[in-house]
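The values are calculated or read from the model by the stated rules, or taken from the named source; none is laboratory data. Since this is a predicted model, take the numbers as computed values, not measurements. Note that each Cβ is placed from the backbone with ideal geometry, even for glycine, and that neighbours are counted across all protein chains shown. To get the accessible areas, we keep the full protein, side chains included, count just its heavy atoms, and leave off ligands, DNA and RNA. Shrake-Rupley method; radii C 1.70, N 1.55, O 1.52, S 1.80 Å.
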Amino acid sequence: MTAVYVIGDIHGQYAAMVRVLRNAGLIDANRRWSGGDAQLWFLGDFVDRGPDGIGVIELVMQLQNQAADAGGLVQGVIGNHDMLLLAAYRFGRHKSVVAEAYRTGQHVTPGTVDSFISLWLNSGGFPGDLARMTRKHVTWLSYLPAMARVGDKLLAHADSILYQRYADSIDDVNHFFRKLLTESGFREWDTVIDDFSEHRAFIRQGGTDRAQTFLKIFDCEQFIHGHTPISKLTGETATGPLVYADGLCVNIDQGLYLGDPGFIHQLA
Ligand SMILES: [Mn+2]
């Protein structure tokens, strides 16, 4: 049986990510894949709130190639912050302002730049990420799926019912996102980014029923997600997954940007 790991929201915390992967034995001291045929899934939100989102993406891209060579798998799903950065890149008219501010160490005031860049900055965007972002990173992020099935588990970024709004199978949701991320205009992006602002759909009142319906639509037994830091829900430092909704849901948002130590969750 191949070992399967999932890791939640990295949010630009490069050093913390390296520490967690190293502790799990999935990378070596040179930050190269050492997980053999293991599978590792990142549940989105690679960027924002921490300073080195591009470094995080670069490392994940390298690990993806190294894991494939070793018979393993590294993959991710798209998070709303990844979309916010993509939107700033794709639709932002003031990228050069951000790049210049990054070079000179000046602060960019949201509101003095166009709305997509303002929205991204207000959501914890770091100018260095947009300044360093290239077509390579854009393409990689744009081709991430939104959902995945591993065994009988459903993997996606957000504890939100947004996915079922767009389609009623994993393949069709991914098709919707692929088209959105590669072809659609800013109005469609606006809607989806807005939909992504929902949190806690399966933990608040009626959540267990909502989770049952959600899992039935996508024909899975358990939903694994990030998006809402566990420590924000429990008020305590997160050191492992939060299983809730009668065991139907597992939150693995590590809260790295809040200073929690981080963890990796082994699915199988
Ligand atoms: Mn999120």
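Listed values, structure above:
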{"quantity": "Elements of type helices (runs of 4 or more DSSP H) contained in the range 6-108, each with 2 or more residues being closer than 21 Å to ALA268 by Cα and under 20 Å from the mean Cα position of the chain (by Cα)", "calculated": "14-23, 53-69"}
{"quantity": "Qualifying residue in the range 161-179 (condition: without any contact (Cβ under 8 Å) to a residue 40 or more places away in the chain, open to solvent by less than 50 Å² (accessible area, probe 1.4 Å) and farther than 24 Å from ASP48 by Cβ)", "calculated": "yes"}
{"quantity": "Unmet criterion (only one of (1) part of a loop (DSSP other than H, G, I, E, B); (2) within 16 Å of the ligand (Cβ to nearest atom); (3) without any contact (Cβ under 8 Å) to a residue 60 or more places away in the chain) for GLU236", "calculated": "(2)"}
{"quantity": "Yes/no for ASP253 being within 16 Å of the ligand (Cβ to nearest atom), more than 23 Å from LEU144 (Cβ to Cβ), of a type in the set (Asp, Glu) and crowded, with 17+ Cβ neighbours inside 10 Å", "calculated": "no"}
{"quantity": "Count of the range 188-210 residues which are over 20 Å from the mean Cα position of the chain (by Cα) and closer than 18 Å to ILE252 by Cα", "calculated": "3"}
{"quantity": "Selection from the range 22-53 of residues that are touching a Ser or Thr at 6+ places or on another chain (Cβ under 9 Å) and crowded, with 21+ Cβ neighbours inside 10 Å", "calculated": "LEU26, ILE27, ALA38, ASP48"}
{"quantity": "Every residue from the range 201-212 that is surrounded by 15 or more Cβ atoms within 10 Å (Cβ to Cβ) and assigned to a loop (DSSP other than H, G, I, E, B)", "calculated": "ALA201, PHE202, ILE203"}
